[in-house]
1. Working only within the range 6-54, note down all residues that are farther than 20 Å from A93 by Cα and in a strand (DSSP E or B).
2. I'd like to know if the range 255-274 contains one or more residues that are outside the structural domain of L194 (by TED's automatic domain parsing), of a type in the set (S, T, N, Q) and at pLDDT below 95.
3. Return the pairs, sorted by first residue and then second, in which the second residue is surrounded by 18 or more Cβ atoms within 10 Å (Cβ to Cβ), the first residue lies in the range 1-12 and is among the hydroxyl-bearing types (S, T, Y), the beta carbons are less than 7 Å apart, and the residues are 6+ apart or on different chains.
4. What residue, among those in the range 191-220 that are polar (S, T, N, Q) and out of contact with any Cys (no Cβ under 8 Å at 6 or more places or on another chain), is surrounded by the most Cβ atoms within 10 Å (Cβ to Cβ)?
5. Taking I193, is it more than 15 Å from the chain's Cα centre (by Cα) and free of Cβ contacts under 8 Å to residues at least 60 places away in the same chain?
6. Could you list, in sequence order, all residues of the range 222-261 that are closer than 13 Å to Y157 by Cα, surrounded by 12 or more Cβ atoms within 10 Å (Cβ to Cβ) and not hydroxyl-bearing (S, T, Y)?
7. Kindly state which strands (runs of 3 or more DSSP E) lie completely within the range 157-223 and contain at least 1 residues that are farther than 30 Å from G352 by Cβ.
Amino acid sequence: MKITLLQEKLKEGLAALERAAGKSLSLPILSNVLLKTEGNFLCIEATDLEIGLKWWILAKNEGEGKIAVPAQLFSHFVSLLPKGNLEIETTDATLRIKHNGRETQIKGFTGEDFPIIPQAKGGVTALINSRLFSQGLSQVAGFSAYSSSRPEICGVYFSLEKKQLTIAATDSFRLGEKKVPIENGESEECSFILPQKACREAISIFGEREGQLKLEASSNQVMFELPMEETDHPQIQLVSKLIEGEYPNYQEILPKKFSTQVIFKKEEILEQIRIASLFGKKTNEIKLKISSREQKVRIFSQNPELGEYKADISAQVKGQNLEISFNSKFLSEGLSSIKGSEVFFGLNGPEGAAIIKPSDNTENYFYIVMPIKST
């Protein structure tokens, strides 16, 4: 095959796919990317057998063919070339790249042994705004667990409903949930659990891209696909296996009423929590003393070896006074995931689950965190 295409387009695709290439001593072909011609496009593929990525680039093709070349070497090499046209040719298992009168050869494989990336065809399909989807996923993905005994909470839960997608993640100590609207009218209903690596790749690849992201889910895998600008042809396709198992029914633990309600400035309390965490114990414990009469929250932490810290911040407080302890890391990460400037804090005693969400509730987002029980 012989291909002519722009260096900057090839560089962009390789930079995204390089991370998806697998590292396997028993299957070294996985450390390669596959290049193959498809009509007026060059398709680049990478997989680790859990996730697969495809990237299409407009190109001038003469003849059909495919070749697998080392992902890291090829990506780094192309990134160092100047912008402009590249000519790529293959002879058996050798890739030749011509640029500015120079020629480089890279040894590879014929491509016949490269794994086929399956397609999630025949499943439930939905169209979602790519940027909104990625932002929503980034708000919850970091809260999933790393657990060999409970694989179902090691991923992110997706629930497709008629007009919205609900995304949630938990490690059993905290939980985040985000709702994102579906753009193609009403979708069929289904649910699945997406692995953490696929979530990270989706956020990285689709986060800065506009357009309608196509989600297609079957019983054991899901596909995310974004078209090229002003065409119906795919630009990027991410396919992932799904985690088997039943996701916890977290809706059952969601508090509906609160004995104590607090509204405060997000950045103010976040700053104080971060400072207080410097003096926390090994458990990262900090204590909040909430006063309805004084309309303030006192943040307190101490360490016998380091000292102690206390700070008062103004707040709108309704309901009962309360002293409650939290893991400062969990609290600050939950607050950081909220986009608004004011947050609502709903509590039910020193041992009940606490909910944090934007005070105006415009984000369709909430974060639940369990307190540290008093001893």
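The values are calculated or read from the model by the stated rules, or taken from the named source; none is laboratory data. Predicted model only: the values in this text are computed from it and were never measured. Cβ coordinates were reconstructed from backbone atoms using ideal geometry, including for glycine residues, and neighbour counts include every protein chain displayed.
1. Listed by number, the residues that qualify are L6, F41, I51, G52, L53, K54.
2. Checked against the condition, which is being outside the structural domain of L194 (by TED's automatic domain parsing), of a type in the set (S, T, N, Q) and at pLDDT below 95, the range 255-274 yields no hits at all.
3. T4/A59
4. Taking the range 191-220 first, the residues polar (S, T, N, Q) are 191, 196, 204, 212, 218-220.
After this cut, where a residue has to be out of contact with any Cys (no Cβ under 8 Å at 6 or more places or on another chain) as well, the list is 191, 204, 212, 218-220.
Details: S191: 14, S204: 13, Q212: 15, S218: 17, S219: 11, N220: 12.
That would be S218.
5. Values: more than 15 Å from the chain's Cα centre (by Cα): no; free of Cβ contacts under 8 Å to residues at least 60 places away in the same chain: yes.
Here the answer is no, as I193 does not meet what is asked.
6. First, the residues of the range 222-261 that are closer than 13 Å to Y157 by Cα: 222, 242-251.
Now narrow it down to the ones that are surrounded by 12 or more Cβ atoms within 10 Å (Cβ to Cβ): 222, 242-243, 245, 247-248, 250.
Once the filter is applied, which keeps residues that are closer than 13 Å to Y157 by Cα, surrounded by 12 or more Cβ atoms within 10 Å (Cβ to Cβ) and not hydroxyl-bearing (S, T, Y), the range 222-261 yields V222, L242, I243, G245, P248.
7. Numbers: elements: 164-170, 174-181, 190-195, 212-217.
Counting at least 1 such residues, we get 174-181, 190-195, 212-217.
Yes/no per residue for (1) under 22 Å from G280 (Cβ atoms); (2) crowded, with 22+ Cβ neighbours inside 10 Å:
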site	(1), (2)
V317	no, yes
Q320	no, no
F330	yes, no
E333	yes, no
S336	yes, no
P350	yes, no
P358	no, no
E363	no, no
I368	yes, yes
